[in-house]
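Since the structure comes first, as structure tokens, the remarks are kept for the end.
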Amino acid sequence: MDDVSTLTFALLALAGLSAGFVDAVVGGGGLIQLPALVVGLPGASPVQILATNKLGSVCGTTVSAATYYRRVRPDPRTFIPLMVCAFLGSVGGAFVASLIPRSAFDPIILVVLVVVGTYVVLKPELGAVTALRFAGRRHTQAAMIAGAVVGFYDGALGPGTGSFFVFSLVGLLGYNFLEASAKARLANWATNIAALCVFVPQGAVLWEVGLVMGAANLVGGYAGARLAVARGAKFVRVFFMLVVAAFIVTIGSDVLGLR
């Protein structure tokens, strides 16, 4: 790769700041950060882009997860099994990432996003309050399954992982949007760490770029988490719908060949 200019560093830092904020509220920061890396680092390989994105993201998810933990106090009986299974799923996904073409994912992800968005719109009471659908062992098992499936997706592809965690916790387990977002940040932190455990030994991380984006992502993550906690579940729900809509437009444009 050629040397990265000061202007490119500044623009990537701005992208990292924005991505950290969005990711902290409801997930989906990859929609901002990954395209920025692709445009800003045209000489980087796909694995370098993915690895550097993970380094930037883990900084933001670290501070936002800590902020949510202090202020929301999520139940460790749920988030610990969720994190462990998300970590293992992400490791598995990272190892098979090179075997699965992105083109095979986009149409499926688009359909899932449309279904998710439609479901949330048609059920305005969804995620307003916590009404758990399972108890005891069944609740833990549901959390573990959600963690493994979404974690695998994050390791294999990545964009939208936080949003998928949030929807799984709201739609499957019955949490309100704020509690779901708190647990999603913890799980997303685990998947980012897992992916880096695979990418760092491969020498794929561009450390200077990743650390600059990571510092900006950290600031955005802290601000986003504080705002989400202060504004509550209704704010997170609206933000969730905006992010899902943005994903539908972006991925739909790719599938239909409009960009």
Would you check if there is a residue in region 231-239 being more than 26 Å from Arg77 (Cβ to Cβ) and either within 16 Å of the chain's Cα centre (by Cα) or among the aliphatic types (A, V, I, L, M) (or both)? yes
How many residues of region 170-180 are touching a Leu at 6+ places or on another chain (Cβ under 8 Å), assigned to a helix (DSSP H, G or I) and either touching a residue at least 60 places away in the same chain (Cβ under 8 Å) or crowded, with 22+ Cβ neighbours inside 10 Å (or both)? The answer is 4
Picked from region 125-168 (must be free of Cβ contacts under 8 Å to residues at least 60 places away in the same chain and polar (S, T, N, Q)), the residue nearest to Val47 (Cα to Cα) is Ser168
Would you be able to say whether some residue in region 142-165 is surrounded by 20 or more Cβ atoms within 10 Å (Cβ to Cβ) and in contact with a Lys or Arg (Cβ under 6 Å, 6 or more places away or on another chain)? no
Original post:
Going by the conditions given, is Leu37 among the hydrophobic types (A, V, I, L, M, F, W, C), at pLDDT 90 or above, farther than 27 Å from Arg226 by Cα and buried (at least 18 other Cβ atoms within 10 Å of the Cβ)?
Top reply: no
Residue set Ile108, Ile80; condition at pLDDT 95 or above, outside any loop (DSSP other than H, G, I, E, B) and more than 17 Å from the chain's Cα centre (by Cα); output residue Ile80
Picking from Gly56, Gly27, Gly89, Gly20, the residue that is surrounded by 24 or more Cβ atoms within 10 Å (Cβ to Cβ) and modelled with pLDDT under 90 would be Gly27
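The values are calculated or read from the model by the stated rules, or taken from the named source; none is laboratory data. The shown structure was predicted, so the numbers you read here are calculated from the model rather than taken from an experiment. Heads up, the Cβs are rebuilt from the backbone with ideal geometry, glycines too, and the neighbour counts pull from every protein chain shown.
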